[in-house]
Amino acid sequence: DVKVTQSSRYLVKRTGEKVFLECVQDMDHENMFWYRQDPGLGLRLIYFSYDVKMKEKGDIPEGYSVSREKKERFSLILESASTNQTSMYLCASSLIDRGPEKLFFGSGTQLSVL
Amino acid sequence: AQTVTQSQPEMSVQEAETVTLSCTYDTSESDYYLFWYKQPPSRQMILVIRQEAYKQQNATENRFSVNFQKAAKSFSLKISDSQLGDAAMYFCAYRVRGNKLVFGAGTILRVKS
């Protein structure tokens, strides 16, 4: 089975801290994604990457950056955490688009910024 | 912009009964894919069912089926013989070929025993 692993299930950080959320997948998927999930808003795409060192902005990239130095790892970086970045963060991966490919998700990181 | 609307924030169903979750989407594309994902309390997103827009036949996976109305841009999920394990948040999602997945706001499904 494909496994997408997020390094932390729960994380508490202070305003202004630099925060790293790590995601690793073990199935050699080309595509990787970072979503945030908020009540009433569903999942919104922050960034995605379709290859090593490639990245594209999603719908809400402000305040975030990403890094993909290796194919299996996709990191989300909050340069200076703010309280409005308190949210559930979900990482996902998929094969490069060949049709209705499904996404494989990690179990999420619940981030609280105090 | 592509949007996905789930108009029911919460739904309840009695065990063994049938429930339908609604989803509408907005697109000008003709070739796209639609998905229903389930998120139980474990937070692990699970693909329930998917539909290719060019296929007129509604997708079915065991107790789960969809009613895909392309002209109306509607993609509802029917769960038959509901079980306690079906209780979860359900997300409808849409994707154009080669592009990103866009999700709706979700519907919480509660199953009563």
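The values are calculated or read from the model by the stated rules, or taken from the named source; none is laboratory data. Just so we're clear, the structure is a prediction, and the values are computed from it rather than from any experiment. In this analysis, Cβ positions are derived from the backbone assuming ideal geometry, glycine residues included, and neighbour counts consider all displayed protein chains. Keep in mind that these areas ignore ligands, DNA and RNA; they rest on the heavy atoms of the full protein, side chains included. Shrake-Rupley method; radii C 1.70, N 1.55, O 1.52, S 1.80 Å.
Take the Cβ atoms of residue B:30 and residue B:60, set R0 to 30 Å, and the FRET efficiency comes out at 0.80. For chain B, the convex hull spanned by the alpha carbon atoms encloses 96 Å³ per residue. With R₀ fixed at 35 Å, the C-beta to C-beta distance from residue A:95 to residue B:12 puts the FRET efficiency at about 0.40.
Across all Cα atoms of the protein assembly as shown, the radius of gyration (one decimal) and Dmax (whole number) stand at 17.6, 52 Å. Here the peptides A:41-47, A:76-82 are ranked by packing, the mean other Cβ count within 10 Å, and the order with the highest first is A:41-47, A:76-82.
Summing charges over neighbours of residue A:70, with a neighbour being any other residue whose Cβ is under 13 Å away from its Cβ, gives -3 when K and R count +1 and D and E count -1.
Inter-chain Cβ neighbour count for A:56-65, averaged per residue, equals 1 (cutoff 10 Å, partner chain atoms only).
DSSP beta bridges confined to the protein assembly as shown are antiparallel in about 90 percent of cases. With a Förster radius of 35 Å applied to the C-beta separation of residue B:70 and residue A:41, the computed FRET efficiency comes to 0.85. Average accessible surface for the protein assembly as shown: 48 Å² per residue, computed with a 1.4 Å probe over protein heavy atoms with every protein chain in place.
Within region B:29-94, the GluC sites (Glu not before Pro) that combine a DSSP coil assignment with at most 14 other C-beta atoms in a 10 angstrom radius are B:29. Relative to the globular-protein estimate of 2.2 N^0.38 Å, the Cα radius of gyration of chain A stands at 1.00.
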